[in-house]
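Since the structure comes first, as structure tokens, the remarks are kept for the end.
Coordinate-derived values only; no laboratory data. What you see is a predicted model; the values in this text were computed from it and never measured. All Cβ positions, even for glycine, are placed from backbone atoms using ideal geometry, and neighbour counts span all protein chains on display.
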Amino acid sequence: RNHTKAMFKVAHTRMWHHTAESHLREIKASYLDKILGTQLVPPCVGYHLVTEKIHNETIRRSIKENLKCKYAKKITKDDTSTVRGSLAFWLDGLKNVERGRIMASAHDADANSTEEKITQHDNAVKYVVFIYLGACVKTNHNHFGNDKQQFFAIDNDRCLTPEAIISRGGNKLDVRYKEWKSLVFQICQFPLDLVQTIHDATGVGTQKGNISERLVQALRDDVLSEQMLASQPEAFQEIDSRVYKLAYHMKECHQEGRLSLPIDNTFFGSLELSTRHRYAPNRGRQERKNATASAEGNLPLRLPEEGMDMTLDQWRQFLGRANTTQLDRFKKVNGEGPCGMAIRVFFDDDRDSRNHTKAMFKVAHTRMWHHTAESHLREIKASYLDKILGTRIVPPCAG
């Protein structure tokens, strides 16, 4: 007497085109939703539909007719009675909602918001974040909700669209994507379970792995895994890039006192060697030079070009045994939102306390998605890249 309803979909289109729709993306979006814990997408998996089991001959015939295109030849089974596609659980009671309503609900709630309002806010925020992280370029009439003001992401055949396709898809498509992206970075009140998920995916030493790694691993168990992993794999890595941008934004919100984060209070930064760094107080130039040259075990770094020869291993080893003696020339990051500092650090090597090594410590937390962003992480990456290229223009710099 009772039936379970589902939506079967198969779409073979020009995947390189910005209007492309794909049942493979439907499945990927459902798995991504489960990993993010956003609870917006009905369960959707790969499915082999046996058309001979369909009693209505007209429908059976129309299925075969609708699969006669050149894009389906390499994917559709040779056995014409079986069709590969996505199968999603059917949700009753949904209706179209205006995009503006979702966006309005996602804006930060105030202190007087009711429990019901906060629940709606959290659901809307998760929806906005899912659309952004999943690169879903939905049309304006493709958003759904129920009578309880809950939003659901269904009809996701334009999710996990590679960014290259979005950028060349014309002004309308690019604007549509950027509107959701812009809204994400205006929000500061994120549901704590979502914050934890993003932290687990980006934290140092996390055991859960990146979102893309977990998504690929989950897809391997699906009956259409081979097709999904082969279809536009660049979209998987692009998820991680967006996740890291969101994580930085959450940290900004935390620093502004608008969000609690599951992180400790340890600050990490870059430490760059000053290549004109050796000096001994109250000594003449030649005396300092002789003292530096004769100091057994110290690195001979009187001249800039000699400092550039230092390997990153040597720099890390030195920092492991050196003692901080003095800090000066403190400089803070200016402007609204970003925070950080740059400060000169003096080290005593325990092998010779007469000489000091100078370094620049830097930490900068800025809007990494913005074109003016600065980051101590980039300082370190640049130093490693310089050593690999052999260009010898960047002083040793390590975390």
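Let me know the shape class of the range 111-173, please: from the alpha-carbon gyration tensor, a ≥ b ≥ c as square roots of the eigenvalues, rounded when a/c is under 1.5, otherwise prolate if a/b is greater than b/c, or oblate. Judged from the Cα gyration tensor, the range 111-173 comes out prolate (a/c at least 1.5, a/b above b/c). Among 124-132, 183-191, 242-250, the peptide with the highest mean count of other Cβ atoms within 10 Å heads the list, and the full ranking is 124-132, 242-250, 183-191.
Classify the range 134-206 from the C-alpha gyration tensor, please: rounded if a/c falls under 1.5, else prolate or oblate depending on whether a/b exceeds b/c.
Values: a/c = 1.96, a/b = 1.25, b/c = 1.57.
In terms of gyration-tensor shape, oblate.
The H on the amide N of GLY37, modeled in the peptide plane, is under 5 Å from the matching H of no residue at least 5 residues off or on a different chain. Structure note, pairs LYS5/LYS178; LYS28/LYS117; LYS28/LYS208: Cα-Cα distances above 28 angstrom occur for LYS5/LYS178; LYS28/LYS117.
What shape does the range 92-147 have by the C-alpha gyration tensor, where a ≥ b ≥ c are the square roots of the eigenvalues, rounded means a/c under 1.5, and otherwise prolate means a/b greater than b/c and oblate the rest? Here the range 92-147 falls in the oblate category.
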